[in-house]
Amino acid sequence: MGLNISFISGQKLRRSLALLAVAGLAACGAAPSGDGINDPFEPTNRTIHAFNKGVDRALVGPASRGFGGGVPEPVKRAIGNVADTLDLPGDIVNNLLQLRLVAAAENSLRLATNLTFGLGGTIDIASELGLPENPTDFGETLHVWGAGEGPYVELPLAGPSTVRDTVGTVVDVALNPVRLALPDKEANAAAIVRLFSRLGDRDRFSDTIDSLLYESADSYAQARLLYLQNRRFELGKGGGGAAAGDDDFIDPTRIYAQ
């Protein structure tokens with residue numbers, strides 16, 4: 001589901017990153033996590049939500065069940081581990097932009113350990129050794145720099161978000177170290193691995209996601225509430241979010257839309 005932004009030149013990317021860094025230095029501190037529901041685009045958001053549900057019902061849900069039932073568990077686990085390893089370079093960049101140097105060091109150690117001793121990331125040796133995990137994103141970086149949450153939005157195929165997190169998603173895709181460092185063929189393979197990992201998550205938490213989407217009286221309102229509560233909790237904790245190191249934590253709104 002990656003955005004096609006390969007037309008952005010390396011020079012423009014470096015310039016954008018420099019401007020973002022300057023903005024971060026100018027920020028006076030982390031923004032409040034927010035409260036209440038700010039949804040001025042609700043009619044449009046509901047239309048997009050209905051589209052996302054249709055995609056899930058017709059494509060994502062069936063594909064995830066086929067993936068879950070047809071792929072051996074060790075293979076699914078290896079795919080998930082590789083996807084997590086591919087996320088680490090971006091996490092490290094955002095840790096540094098947030099000036100969370102300990103988190104950056106821990107993620108760097110996880111990356112080196114899994115690449116070196118985990119067969120290219122297929123085995124999560126770092127977790128077995130008890131090394132902390134600090135997932136993050138540029139939306140959290142903007143929060144640390146003091147950017148407000150902005151209105152709630154639901155994105156086609158990407159699901160619930162806010163204006164701040166939408167900007168964060170675009171920057172994460174544009175400046176993804178793996179995508180920028182790898183040749184096109186390998187970068188596309190990495191994107192496919194992430195897609196299969198998401199299908200595995202959709203299958204793993206199918207009961208929770210199906211309950212949210214198809215058994216709620218108002219699935220849009222429920223997804224909006226869950227997303228905002230979970231995201232604000234992540235940002236309120238700081239230093240990696242609620243999901244850090246917690247395999248049992250699941251935000252269904254991050255999975256149902258691909």
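The values are calculated or read from the model by the stated rules, or taken from the named source; none is laboratory data. Because the structure is a prediction, the values reported are computed rather than measured. A quick note on method: Cβ atoms are made from the backbone with ideal geometry, for glycine too, and the neighbour counts reach across all protein chains shown.
Structural remarks
- Filter result for I48 (within 21 Å of V170 (Cβ to Cβ), at pLDDT 95 or above and crowded, with 17+ Cβ neighbours inside 10 Å): yes
- Residues considered: T141, T122. Of these, the only one that is within 16 Å of E234 (Cβ to Cβ) and of a type in the set (V, I, T) is T141.
- Count of segment 75-117 residues which are of a type in the set (K, R) and touching a Phe, Trp or Tyr at 6+ places or on another chain (Cβ under 8 Å): 1
- Residues located in segment 113-146, provided they are part of a loop (DSSP other than H, G, I, E, B) and on the phi < 0 side of the Ramachandran plot: G118, T122, I123, D124, L129, L131, P132, E133, N134, P135, T136, D137
- Single residue of L111, L119 found to be over 30 Å from L225 (Cβ atoms), touching a helix residue (DSSP H, G or I) at 6+ places or on another chain (Cβ under 9 Å) and modelled with pLDDT under 95: L119
- Candidate set from segment 106-119 (those that are under 20 Å from the mean Cα position of the chain (by Cα) and not polar (S, T, N, Q)); member that is nearest to K237 (Cα to Cα): E106
- Matching entry among R57, R77 (being over 29 Å from S219 (Cα atoms) and basic (K, R)): R77
- Cross-chain or 6+ apart pairs with Cβ under 8 Å, segment 224-248 first and closer than 20 Å to A158 by Cα and small (G, A, S), then at pLDDT 90 or above and not in a helix (DSSP H, G or I): G241/P135; G241/T136; A243/P135
- Selection status of R198, in contact with a strand residue (DSSP E or B) (Cβ under 7 Å, 6 or more places away or on another chain) and not acidic (D, E): no
- Helices (runs of 4 or more DSSP H) fully within segment 28-101 counting 3 or more residues that are among the β-branched types (V, I, T), in contact with a helix residue (DSSP H, G or I) (Cβ under 7 Å, 6 or more places away or on another chain) and within 24 Å of G159 (Cβ to Cβ): 73-97
- Selection status of R110, surrounded by 20 or more Cβ atoms within 10 Å (Cβ to Cβ), part of a helix (DSSP H, G or I) and of a type in the set (D, E, K, R): yes
- Look at (1) closer than 16 Å to D84 by Cα; (2) outside any helix (DSSP H, G or I); (3) acidic (D, E) and you find that E149 fails only one, number (1).
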